[in-house]
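The structure under discussion appears below in the form of structure tokens.
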Amino acid sequence: MQVNLLLDKQGPTISKYIYGQFAEHLGRCIYEGVWVGKDSDIPNVNGIRKDVVAALKNIQVPVVRWPGGCFADEYHWKDGIGPVENRSTIVNTHWGGVTENNHFGTHEFLELIRQLECEAYVNGNVGSGNVQEMQEWVEYMTMNGESPMANLRRENGQEEAWKVEFFGVGNENWGCGGNMRPEYYADLYRRYQTYVRKYGEHNIYKIACGPNVDDYNWTEVLMKNAARFMDGLSLHHYSIPTRVWQDKGNALNFPEEQWYSVLEHAQYMDELITKHSTIMDKYDPEKRVGLIVDEWGSWYNVEPGTNPGFLYQQNTIRDAMLAAITLNIFHKHADRVHMANIAQMVNVLQSMILTEGEKMIKTPTYHVFDLYKHHQDAELVDSYGDESNHVTYTASKKDGKLTVSLCNYDLTETREITLSRKEGEFVVVEAEYITANTMDAHNTFEQPDVVAKKEFTSYIMEKDTLKVTLAPMSVASIVTKVN
């Protein structure tokens, strides 16, 4: 396979926010996964796990979306502020029917953001909340002067306003967020977003609820009626091996055909972005409005013996392939995709991290995000050449370095890939990869490094060419000097 890299051609910037995370009140994502409380024996800072924060900072998490998801449209933020012993409980009707104590609320989420040194993406309640509630939440978080909500925040111990970079006006309002028609939601969006006020000098990036997978009519109606009031439009797509919600397929011990079927479903993301972008181009040819893929990833049957509503699943080398394929697609559409948030950050669906009591492990998907972090805010490098079944790649340049990431998702065949550039020579400064010998290889609390990042040496440098030998079920990132 021959690939020619066009380093002299100007490309779009790959937004770092494409590497965003999603943390919903679902299963053990927030409680146990992130929040253990200040009195826990598990090492923490202000109630938030130290090990989880350290791992996430290593992959340079740029933004976290919270509190949902479907949970967002039943979440009333005032229940989650003030002394924890006085907070109201809430029944999480979407996910397991459990009663939550609301000990993780606005202050705790923004403390997580502070510790991660990243941006906040707060999702507001349109489905069961009112305009006043949303306006007061924004005022509570971002108003620095004198106001009823700013003073309430101070009474609760936070003097300075926080920075909220992104705000979502509802979630899945075509489904769990109210079962609305696009015409109705478009009008509601115009009304609610009016009260997502700018209380300081910083503009909040407003995100409208976008389509469910291939609902192109939803995109058409929203863009036609509300594009000038939004900065971003969301899109959700999950990859399911069987395409059947009632029996999605298992995360482990799956048949060979489900290896390829779920990866094919992940590649469907390319068609979705292309078609939704075409509609957006009609109303926004300048590409001011971003496509925000704020829920994506693999979705399997829950792990046997766990709460069906908690969506806990193992994470294998197959998920690493899925992550690489999808991130490469996001890079390809960097001019329109401004942010993406994999679902979800800890202990739910395609997680970065799994926890069990005081133990924590990094998943194969985590290692792909680690391998790919060089691409954050880098300039996409265009290319041409051969196409090969079961091989996908991406390239970008930043700070005098060229990073090429390659994924061979064939189950048995090793691939030879020759990278060429017109000017300059390849000088490799760093090369790492992950691979496995079995298609459901995964990390456990007893064996946490079955799939782990290693030094990659299977390449030959010959001036303007770099010949790479990539084993099956592998993802590699090679960093070279640009000149």
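The simple spin-label model puts a point 7 Å past each Cα toward its Cβ; for K57 and E133 those points are separated by 3.5 nm.
3J(HN,Hα) couplings calculated from phi for region 409-422 with the Karplus curve 6.51 cos²θ - 1.76 cosθ + 1.60 (θ = phi - 60°) are, in sequence order, 9, 5, 7, 9, 8, 6, 10, 9, 10, 10, 9, 10, 9, 6 Hz; Gly and Pro show x.
Each Lys and Arg contributes +1 and each Asp and Glu -1, all at the Cβ; summed about the Cα centre of region 106-238, the dipole is approximately 420 debye. K198: which lysines have alpha carbons under 27 Å from its alpha carbon, excluding same-chain residues fewer than 8 sequence positions away? The qualifying lysines are K16, K78, K163, K206, K224, K287. On the beta carbon distance between V213 and R191, with R0 = 25 Å, the FRET formula returns roughly 0.40. Pop out the carbon and sulfur fraction of the accessible area of the chain as a percent, whole number, probe 1.4 Å. Answer for the chain: carbon and sulfur cover 45 percent of the accessible area.
Annotation note: trypsin sites (Lys or Arg not before Pro) in region 263-325 located in DSSP loop regions with a Cβ neighbour count of at most 15 within 10 Å are K287, R288. Hey, what angle do you get for helix 317-332 against the long axis of the chain, alpha-carbon based, 0 to 90 degrees rounded to 10? With both axes taken from Cα atoms, the answer is about 80 degrees. Loop-located GluC sites (Glu not before Pro) in region 182-264 (DSSP state not H, G, I, E or B) with no more than 16 neighbouring Cβ atoms inside 10 Å: E201. Just so you know, the Rg over Rh for region 1-98 is 1.15, from Cα atoms, with Rh as the Kirkwood radius. Computed with every protein chain present, the accessible area of D386 is close to 80 Å² [probe 1.4 Å].
For GluC sites (Glu not before Pro), the sites in region 344-398 that DSSP calls loop and that have at most 13 other Cβ atoms within 10 Å are E358, E387.
The gain in end-to-end length when the E271 to L152 segment is fully stretched comes to 38.1 nm, 0.36 nm per residue minus the alpha carbon separation. Taking 0.36 nm per residue of sequence separation and removing the Cα-Cα distance, the K481/K9 pair yields an extension gain of 168.2 nm. Compared with the dominant principal axis of the Cα atoms in the chain, helix 216-226 is inclined by about 50°. Stretching H76 away from E430 to a fully extended chain increases their span by 122.7 nm, per 0.36 nm per residue minus the current alpha-carbon distance. Checked against a 26 Å cut-off, the cross-linked pairs K359/K454; K57/K248; K373/K467 give Cα-Cα distances beyond that limit for K57/K248. Remark: relative contact order (the chain) = 18 percent; criterion is Cα-Cα distance under 8 angstrom and separation of 6 or more residues. When +1 charges are put on Lys and Arg Cβ atoms and -1 charges on Asp and Glu Cβ atoms, the dipole computed for the chain relative to its Cα centre reaches about 820 debye. For region 130-200 versus region 23-56, the spacing of their alpha-carbon centroids is 26 Å. Annotation: per residue accessible area for the chain equals 39 Å², rounded to a whole number [probe 1.4 Å, protein chains only].
The values are calculated or read from the model by the stated rules, or taken from the named source; none is laboratory data. The model shown is predicted, which means the values in this text are computed figures rather than measured ones. Heads up, the Cβs are rebuilt from the backbone with ideal geometry, glycines too, and the neighbour counts pull from every protein chain shown. Ligands, DNA and RNA are excluded from the accessible area calculation, which covers all protein heavy atoms including side chains. Shrake-Rupley method; radii C 1.70, N 1.55, O 1.52, S 1.80 Å.
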